[in-house]
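In what follows, a single structure is set out as structure tokens and then discussed.
Since every read-out is calculated from the coordinates, none of them should be taken as a lab result. The shown structure was predicted, so the numbers you read here are calculated from the model rather than taken from an experiment. Here the Cβ positions follow ideal geometry from the backbone for every residue, glycine too, while neighbour counts run over all protein chains shown.
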Amino acid sequence: MFKRNILLCALLATTAFAVPPVARADSVEDFYRGKTVYALVGVSPGGEYDFQLRLVSRFLGKYIPGRPNVVAQNMTGATGMVMANYLYRVAPKDGTYIGLIQNGLPTSQAVGLEGIQFDAVKYNWIGSVSPSTETMVTWKTTGVKTIEDAQKQEVIAGAVGSSGITLTFPMMLNDVLGTKFKMVMGYTGSGPLNLAMERGEVSARNSSWVSWKAAKPEWIANKDINILIYSGPKPSDLDGVPGLDDLVKNEDDLQVVRIVTAGNRLGHPFAMSPGVPQERVDAIRQAFRDMMKDPDFIKETDAAKLEIDPVSAQDLEKAAMGALGASEKAKQRARKYFQ
């Protein structure tokens with residue numbers, strides 16, 4: 001009996017050692033070491049989105065485990081929709097692709113715009129450097145210096161593409177405030193649209209306040225543009241400019257305003273595809289947060305007049321859900337602003 005037990009133990013031990021060990025999943029650091037992470041933006045070079053993408057691309061890899069190379073790429077089309085669809089449906093789901101999403105796209109989904117092939121709530125949101133404040137401006141030669149002037153006089157306004165905030169914001173103002181902006185669409189980016197302003201092709205446009213300070217500070221200093229109205233957090237250097245929410249009193253109008261301006265809460269949001277392993281999503285989110293504390297990153301944002309007020313992944317998801325959760329009546333009304 002004793003010998004049989006010894007033989008049994010020996011057999012079990014041999015069998016145990018014969019079982020191959022469970023394969024250890026590569027760590028996040030092992031995965032990213034030597035890799036290239038592609039950072040995509042859906043507009044052409046020259047505007048605020050492109051600037052923020054390239055700024056983040058220069059610093060983010062330093063804080064990702066394994067320190068991969070991060071390469072910025074422009075993938076233009078349909079005011080960022082082509083890139084957003086690609087990131088959601090086509091890009092590898094391994095954590096090597098991130099995208100800077102146009103902040104008006106969750107609104108586009110909410111109003112049922114054709115061509116949307118993503119669900120904004122299902123992106124793995126990463127973060128945003130700060131929320132944004134939208135403005136509507138006119139060129140100095142128009143004579144339209146206030147929102148009250150724009151309610152009395154027709155002004156030709158330019159828009160990038162045919163569906164983004166540069167179109168929907170002035171059209172919304174026409175609807176809820178009675179302004180008289182006449183739209184010219186199809187510009188390929190902020191750079192060409194700003195050039196059109198200088199040439200006199202158009203006399204008004206929407207843009208974020210940060211974008212004006214980063215791209216055209218001389219226009220502000222020289223009073224080449226009149227700031228008619230803002231929407232979103234009020235910057236300290238916009239004293240005397242009325243806020244949209246303060247001028248809109250009707251609750252139905254306010255619901256529409258909240259759909260169209262949902263992008264204010266998103267800022268310039270970075271995201272990854274659904275399906276990326278959670279540990280890699282978490283690592284990129286942490287890298288994004290750590291990047292915000294980098295002294296050189298802070299120095300560059302200061303130089304660009306870009307305020308750091310981080311928006312978390314959770315708050316980005318809430319903002320997307322806010323646009324998608326509006327009433328159907330408000331969504332249908334907002335849909336009229338999309339051409």
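General observations
- For the range 134-260, size of Cβ-based charge dipole, Lys and Arg +1, Asp and Glu -1, in debye: 340
- Computed helical MRE - 222 nm, the chain, DSSP H runs ≥ 4 contributing -39500 (n - 2.57), nearest 500: -12500 deg cm²/dmol
- Lys/Arg +1, Asp/Glu -1 at C-beta; the chain dipole; positive extreme among Gly189, Ser57, Leu266: Ser57
- Computed FRET value (nearest 0.05) for Ser27 with Glu328, which takes r as the C-beta separation and R₀ as 51 Å: 0.65
- Packing rank of 298-307, 167-176, 101-110, 264-273, where each peptide gets the mean count of other beta carbons within 10 Å, highest leading: 101-110, 264-273, 167-176, 298-307
- Difference of contour (0.36 nm per residue) and Cα-Cα distance, Glu154 to Gln314: 53.5 nm
- The label-point distance for Asp294 and Asn222, in a model that sets each label 7 Å from Cα toward Cβ, rounds to 3.4 nm.
- Note on the range 43-93 and the range 293-328: Cα centroid distance 16 Å, given to the nearest whole angstrom.
- Charge context of Pro274, other residues only, Cβ under 10 angstrom, K/R +1, D/E -1: +2
- Note on P(r) over Cα pairs in 10 Å bins from 0, in percent: of the candidates (i) 6, 26, 36, 25, 8, 0; (ii) 5, 24, 33, 26, 11, 2, 0; (iii) 5, 25, 31, 19, 8, 4, 3, 2, 2, 1, 0, the value calculated from this structure sits at (iii).
- Relative to its residue count, the range 91-208 spans a Cα convex hull of 132 Å³ per residue.
- Here the range 126-145 and the range 149-165 have alpha carbon centers that stand 12 Å from each other.
- Among beta bridges identified by DSSP and lying wholly in the chain, the antiparallel ones come to about 50 percent.
- Take each peptide in 221-229, 204-212, count the other Cβ atoms within 10 Å of every residue, and average; sorted highest first, the result is 204-212, 221-229.
- Put a dot 7 Å past the Cα of Lys180, heading toward its Cβ, do the same for Asp246, and the two dots end up 2.6 nm apart.
- Dipole magnitude of the chain about its Cα centre (Cβ charges: Lys, Arg +1; Asp, Glu -1), debye to nearest 20: 920
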